[in-house]
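Read through the structure below, which is laid out as structure tokens, and then see the notes.
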Amino acid sequence: MSDEQSRITTLEELVAYQAKTIEELSDQVAEQWKVVEQTRLKLDRLAERFLTLEEQTLDAPAITKPPHY
């Protein structure tokens, strides 16, 4: 095999390795994006529940001492 052919083969192997790595990274980014979206939805639901509970406690009557004190 000539030196030029050897260099081409090395470059082709490098490109194939990089393409595989890019594909794996892309898959991981897509999976992480799903996790981020799920977390964002959970956070939104928790924030809504918190606000609802906060509103309910604001409407509660003031805490006073029982009459027997």
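Things worth noting here:
- The label-point distance for GLU24 and SER6, in a model that sets each label 7 Å from Cα toward Cβ, rounds to 2.8 nm.
- Straight Cα distances below 20 angstrom link LYS65 to none of the aspartates and glutamates, with same-chain residues fewer than 8 positions distant left out.
- Rolling a 1.4 Å probe over the protein heavy atoms of the chain, with every protein chain left in place, gives an accessible area that is 60 percent carbon and sulfur.
- With helices as the sole contributors, the chain gives -30500 deg cm²/dmol at 222 nm; each DSSP H run of n ≥ 4 counts as -39500 (n - 2.57), and the sum is divided by every residue.
- Under 29 Å from LYS20, Cα to Cα: lysines that are on another chain or at least 8 residues apart: LYS34
- Dipole moment magnitude, nearest 20 debye, region 15-69 about Cα centre, only Lys, Arg, Asp, Glu C-beta charged: 240 debye
- Cα lying deepest toward the dipole's positive end in the chain, options VAL36, THR64, THR52, charges on Cβ: THR64
The values are calculated or read from the model by the stated rules, or taken from the named source; none is laboratory data. Computed from a prediction, not measured in an experiment: that's the story for all the values here. Neighbour counts run over all protein chains shown; Cβ positions are idealised from the backbone, glycine included. With ligands, DNA and RNA removed, areas are computed over all heavy atoms of the protein, side chains included. Shrake-Rupley method; radii C 1.70, N 1.55, O 1.52, S 1.80 Å.
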